[in-house]
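Encoded as C-alpha cells, the structure appears first; notes follow it.
The values are calculated or read from the model by the stated rules, or taken from the named source; none is laboratory data. Quick caveat: nothing in here was measured; it's all calculated off a predicted structure. Counting neighbours? That spans all protein chains shown, and the Cβs are built from the backbone with ideal geometry, glycine included.
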C-alpha cells in the first residue's frame, strides 16, 4: 500500500511470531504518524495466525519496549517478542 507521506519500518519476528508471520522479517510502509497500535492492527489483518498471538507479544521499537501509543519514525526497527518462560 502507498501513502502520500509514509514511514518505512523493518519488522523482525522471533520464535512463534516468526512462524505466525511466515517470515523472520519484513519491511512495511505505514502512513506518517502511525503508531505501534496501528502496526498491530495491520499485522493482524495480514496474518490471522499472528492476530491470535499479538495480544501476548511485546513489541520493541529500536531496542526499547514500546506501548501501542508510540509513534513510529521512518526506518524504525520493530521486534515482535513472544513471552519467555524460565527463570
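The set of residues in region 7-17 being surrounded by fewer than 16 Cβ atoms within 10 Å (Cβ to Cβ), over 10 Å from the mean Cα position of the chain (by Cα) and outside any loop (DSSP other than H, G, I, E, B) consists of 8 alone.
Per this entry, residue 30 is counted among residues that are over 18 Å from residue 83 (Cα atoms), surrounded by 14 or more Cβ atoms within 10 Å (Cβ to Cβ) and either at pLDDT 95 or above or under 11 Å from the mean Cα position of the chain (by Cα) (or both). For a quick check of your reading of the model, give me the residue pairs whose first member lies in region 24-39 and is on the phi > 0 side of the Ramachandran plot and in a loop (DSSP other than H, G, I, E, B), whose second is modelled with pLDDT under 95 and surrounded by fewer than 16 Cβ atoms within 10 Å (Cβ to Cβ), with beta-carbon atoms closer than 9 Å and at least 6 apart or on different chains. Matching pairs, first to second residue: 33/5. Just to be sure, is residue 20 in contact with a strand residue (DSSP E or B) (Cβ under 8 Å, 6 or more places away or on another chain), surrounded by 17 or more Cβ atoms within 10 Å (Cβ to Cβ) and modelled with pLDDT under 95? Here the answer is yes, as residue 20 does meet what is asked. Taking region 55-68 as the range and being surrounded by fewer than 17 Cβ atoms within 10 Å (Cβ to Cβ) and in contact with a helix residue (DSSP H, G or I) (Cβ under 7 Å, 6 or more places away or on another chain) as the test, the residues that pass are 67, 68.
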